[in-house]
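These notes concern the structure reproduced below.
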Amino acid sequence: MGLALDTLVDVLKTAGEPTRFRLLALLGASDLTVTDLTEILGQSQPRISRHLKLLGEEALIDRYQEGAWAYFRLKHEGKAATLVRTLLAAASEDDPVLLRDSERLSTVKRLRAERAQAYFSRNAAEWDALRLHVSDAAVEAALLKLVGTTPIDTLLDLGTGTGWILQLLSNHYRHAIGIDASRDMLAVARANLDKSGIVKASVRHGDILNLPLEGQDFDLVTIHQVLHFLDQPELAIAEAARVLRPGGRLLIVDLAPHTLEYLRDEHAHVRLGFSHQVMAEWLEKVGLEVEQAIDLGSGKEGALTATVWLARDRRLLIANPTSAEFQTVL
């Protein structure tokens, strides 16, 4: 069943205003703050906020709070949102206004990425010391518990940093690759692997949002304390899911929701943690199902809580009764 006539007209009127249409196009491409949108569109904050309020009233966008910041995004589901996505798809790719908005959006994303990259480079030598009150021992125990004793043929560690995960799980995998965008970090990781005598793991430079890898090759993918630095962490999750073998597992360690605003300025955090609901939605969207989630708090007042999520690809490899080969079943 479609939209009622009055609702359909209201949605079209709301989305049809030029500035609001541009906002919808931007929010369909990225989660953005009011500040981001004012920079891209060159309009005042009150005006942008008013347009966002109208879009929210028609259930076309989602708003979610992270500390003092509010992020907005185009809704993924719902009849009205589906209609808007159809309208956006019908817009000309060569429209000069939308092209300019897209270019400015790219600039906003690039500046964020450069800021995070500069932070990583400055702190490469002391990265493992920046654990922000989260117990290494607790995280290590939870990771080893969730990984279990099942042999891992191939492991991929995204945002490998100093190579800590590659060292921790070295007795569990046959071969491992660590990916990081910081060459300084990679130098530290290589030194740590050499020091530990680990020759079955290698590290390489790459973007975890666009992995230099093809196919579904990995039994286990890990993302340890990386997602809160990303503008669109769900894209990293999608890339991780892309390279998982059927039945493979994704292990994520990151911060639970918190309100420590200083982490944005002093440690380049873009996101102030992730709730179980948000993480489950992102994983579900890429065909993964949460099997376990463990919250790890220190018990100290004001300290951060880390969460470990274990998700599995729903596809299974089964033997074909008439063939020695395997086939994928959804």
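In table form, for the structure just shown:
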quantity	calculated
Flag for VAL270 being over 23 Å from LEU220 (Cβ atoms) and buried (at least 17 other Cβ atoms within 10 Å of the Cβ)	yes
Residue in region 209-220 that is under 25 Å from SER135 (Cα atoms), touching a residue at least 24 places away in the same chain (Cβ under 8 Å), assigned by TED's automatic domain parsing to the domain that holds THR305 and out of contact with any His (no Cβ under 6 Å at 6 or more places or on another chain) present	yes
Cβ-Cβ under 8 Å pairs, at least 6 apart or on other chains, region 160-184 side over 24 Å from GLU114 (Cβ atoms), far side of a type in the set (D, E, K, R) and not in a strand (DSSP E or B)	TRP164/ASP128; LEU168/GLU140; SER170/LYS200; TYR173/LYS200; ARG174/LYS200; HIS175/LYS200; ALA176/LYS200
Odd one out for ILE40, checked against (1) modelled with pLDDT under 95; (2) in contact with a Lys or Arg (Cβ under 8 Å, 6 or more places away or on another chain)	(1)
Count - residues of region 37-62 that are over 17 Å from THR14 (Cα atoms), under 26 Å from the mean Cα position of the chain (by Cα) and either in the same structural domain as VAL278 (by TED's automatic domain parsing) or not hydroxyl-bearing (Ser, Thr, Tyr) (or both)	4
Members of region 231-250 that are surrounded by 18 or more Cβ atoms within 10 Å (Cβ to Cβ), in contact with a Leu (Cβ under 7 Å, 6 or more places away or on another chain) and more than 10 Å from ARG312 (Cα to Cα)	PRO233, ALA236, ILE237, GLU239, ALA240, VAL243
Qualifying residue in region 45-53 (condition: crowded, with 16+ Cβ neighbours inside 10 Å, touching an Asp or Glu at 6+ places or on another chain (Cβ under 8 Å), under 30 Å from ASP265 (Cα atoms) and without any contact (Cβ under 8 Å) to a residue 60 or more places away in the chain)	yes
Selected residue (criterion: farthest from ALA29 (Cα to Cα)) from residues of region 63-100 that are assigned to a helix (DSSP H, G or I), within 24 Å of the chain's Cα centre (by Cα) and not hydrophobic (A, V, I, L, M, F, W, C)	THR82
Residue within region 19-28 that is charged (D, E, K, R), exposed (fewer than 15 other Cβ atoms within 10 Å of the Cβ), outside any loop (DSSP other than H, G, I, E, B) and not assigned by TED's automatic domain parsing to the domain that holds THR259 present	no
Some residue of region 232-245 being in a strand (DSSP E or B) and farther than 21 Å from PHE72 by Cα	yes
Pair list, Cβ < 7 Å and 6+ apart or interchain, from region 243-266 residues that are farther than 30 Å from GLY215 by Cα to residues that are surrounded by fewer than 16 Cβ atoms within 10 Å (Cβ to Cβ)	ALA256/ASP295; PRO257/SER275; GLU261/ALA68
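The values are calculated or read from the model by the stated rules, or taken from the named source; none is laboratory data. Fair warning: this is a prediction, and the values are worked out from it, not measured in the lab. Backbone-built Cβ (ideal geometry, glycine too); neighbour counts: all protein chains shown.
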